[in-house]
Amino acid sequence: MRVYGLTGGIASGKSLVAERLRQLGAVIVDADLLARDAVAVGSPGLAAIAAEFGDEVMTDDGALDREAMGAMIFADPAARERLNAIVHPEVRRLGELQIAEAAASDPDAIVIYDIPLLVEAGPARRDGFDGVIVVAADETERIRRMVEYRAMSEDAARARIAAQATDEQRLAIATHVVENSGSPAHALNQIDRLWKQLAA
């Protein structure tokens with residue numbers, strides 16, 4: 001079994017790459033979905049958040065009040081660190097479970113671990129990957145996509161890009177690059193070639 005990290009900036013087209021790799025036979029582990037599972041009702045992660053932050057971040061039906069939690073961590077970097085210290089290890093644990101399940105069902109599985117903020121998470125987060133796939137797209141094109149498809153203002157789109165790692169930082173950790181500034185067909189051709197390399 002081999003495990004590859006997948007990352008890319010906002011609106012780079014990472015979802016397109018992940019979905020195509022899934023169609024070709026990869027097992028996709030999605031860090032964003034795991035982050036939701038980590039704080040689901042009844043989860044150890046949610047219980048730890050309630051114990052750490054109290055009822056003010058919980059809804060009446062026992063779920064995480066994301067708006068209240070977001071307001072708290074936006075205003076208080078220390079609170080954000082405390083939240084990350086709960087959620088990140090739980091996301092990693094859930095991801096390791098999914099990878100173990102993939103290995104048990106197919107020892108030759110190719111796992112793609114989709115982690116949007118892989119660069120920001122630091123070098124230790126990349127340990128154990130057989131390679132890192134970076135989806136790259138021109139900033140101008142990414143801004144166009146956010147304005148056109150996500151109804152964001154250009155200023156908001158630029159701010160989102162500025163809040164993430166730079167293209168240069170992502171490319172510095174890449175072992176494979178999918179360039180996705182052009183048409184979906186152009187990207188899909190690259191992904192198909194990449195899959196042949198990964199599956200060889």
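Helix 66-75 against the longest principal axis of the chain: what's the angle in degrees, Cα atoms only, rounded to the nearest 10?
So the inclination is approximately 90 degrees.
For segment 119-160, compute Rg over Rh where Rg is the Cα radius of gyration and Rh is the Kirkwood radius from the inverse mean 1/r over Cα pairs. Could the numbers behind the result be given before it?
Details: Rg = 14.4 Å, Rh = 12.4 Å.
For segment 119-160, the value is 1.16.
What Kirkwood Rh does the chain have if only Cα atoms enter the pairwise 1/r average? Answer in Å. Don't skip to the end; give the middle numbers.
Numbers: mean 1/r = 0.0548 Å⁻¹.
About 18.3 Å, per the Kirkwood formula over Cα pairs.
Among ALA121, MET152, VAL132, whose Cα projects farthest towards the positive end of the dipole of segment 114-162, with charges put on the beta-carbon of Lys, Arg (+1) and Asp, Glu (-1)?
Positive-end residue among those listed: MET152.
If you average the sequence gap of Cα pairs under 8 Å that are 6 or more apart and divide by the length of segment 39-179, what percent do you get for the contact order? Could the numbers behind the result be given before it?
Numbers: 87 pairs, mean separation 26.2, N = 141.
Relative CO of segment 39-179 lands at 19 percent.
Would you look at the GNM of the chain, springs on alpha carbons closer than 10 Å, and say which of ASP32, ASP127, ASP60 moves the most?
Of the options given, ASP60 has the highest mean-square fluctuation.
Per residue, what accessible area does segment 3-48 have, given a 1.4 Å probe and all protein chains present, in Å²? Mind dumping the intermediate values first?
On the way: 1780 Å² over 46 residues.
Here the residues of segment 3-48 average 39 Å² of exposed surface.
With angles folded into 0 to 90 degrees, how steeply does helix 139-149 sit against the dominant principal axis of the chain? Use alpha carbons for both and round to 10.
Helix 139-149 sits roughly 60 degrees off the main axis of the chain.
Limiting things to C-alpha atoms, what are the Rg and the maximum Cα-Cα separation (Dmax) for segment 111-200, in angstroms?
Rg, Dmax (Cα atoms, Å): 14.4, 44.
For segment 4-102, what mean projected area does the convex hull of the alpha carbons give, in nm²? Write down the numbers at each step before the final one.
On the way: hull surface 30.3 nm².
If I average the Cα hull's projected area over directions, I get 7.6 nm².
Using a 1.4 Å probe on the protein chains only, how many percent of the accessible area of segment 1-105 belongs to carbon and sulfur? Present the calculation step by step, with values, prior to reporting the outcome.
On the way: 2950 of 5550 Å².
Roughly 53 percent of what the probe reaches on segment 1-105 is carbon or sulfur.
Using unit Cβ charges (K, R positive; D, E negative) and no other charged atoms, how large, in debye to the nearest 20, is the dipole of segment 46-200 about its Cα centre? Mind showing how you got there, number by number?
Details: 16 positive and 28 negative charges, 104 e Å.
Using Cβ point charges on Lys, Arg, Asp and Glu, segment 46-200 gives about 500 debye.
The values are calculated or read from the model by the stated rules, or taken from the named source; none is laboratory data. All values reported here derive from a predicted model rather than from experimental measurement. Note that each Cβ is placed from the backbone with ideal geometry, even for glycine, and that neighbours are counted across all protein chains shown. Just so you know, the surface numbers come from the protein's heavy atoms only, side chains and all, with ligands and any DNA or RNA stripped out. Shrake-Rupley method; radii C 1.70, N 1.55, O 1.52, S 1.80 Å.
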